[in-house]
1. Residues being acidic (Asp, Glu), under 22 Å from Gln5 (Cα atoms) and surrounded by 14 or more Cβ atoms within 10 Å (Cβ to Cβ): count how many of those fall in the range 41-60.
2. In a loop (DSSP other than H, G, I, E, B) and free of Cβ contacts under 8 Å to residues at least 40 places away in the same chain, is that true of Val37?
3. In the range 61-79, which residue that is of a type in the set (Gly, Ala, Ser) and outside any helix (DSSP H, G or I) is surrounded by the most Cβ atoms within 10 Å (Cβ to Cβ)?
4. Looking at Asn46, Asn84, can you tell me which residue is at pLDDT below 95 and assigned to a loop (DSSP other than H, G, I, E, B)?
5. Determine the pairs where a residue that is at negative phi, located within the range 67-80, has a partner that is among the hydroxyl-bearing types (Ser, Thr, Tyr) with Cβ atoms under 7 Å apart, the partner being 6 or more residues away or on another chain.
6. When you check Gly11 against the structure, is it surrounded by 13 or more Cβ atoms within 10 Å (Cβ to Cβ) and small (Gly, Ala, Ser), yes or no?
7. Leu8 is checked against (1) closer than 16 Å to Asn84 by Cβ; (2) not in a loop (DSSP other than H, G, I, E, B); (3) not β-branched (Val, Ile, Thr) and fails just one. What number does that condition carry?
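The values are calculated or read from the model by the stated rules, or taken from the named source; none is laboratory data. All of these numbers come straight from a predicted model, not from anything done at the bench. Please note: Cβ atoms are built from the backbone with ideal geometry, for glycine as well, and neighbour counts cover all protein chains shown.
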Amino acid sequence: LSVVQLLLANGAMVSAEDDHGWTPLHGAAFSGHREMVQLLLDKGANVGASDGYKWTPLHGAALNGWEGIAKLLIKKGANVRAKNADG
């Protein structure tokens, strides 16, 4: 968490995407890092970001059973009806 805080404090883009369209919020949500999810959202991360397969951070939280993260994302406006490429 402290490394991410340092990066953000020094200009790292909170919603930067990798080659697959994943953002830091995707990684944190899929991995169950609730504090990281909160930090990224507080810094303006796009709660509705979707990757090349239309997966959102909420999809990842739900898939992996991270209920607290899913609730947080929904509270911040995540689309509960978003569909990935598989429907």
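1. 0
2. Here the answer is no, as Val37 does not meet what is asked.
3. Ala78
4. Unique residue meeting the criteria: Asn84.
5. Ala78/Thr56
6. So Gly11 fails the test.
7. Answer for Leu8: the failing condition is (1).
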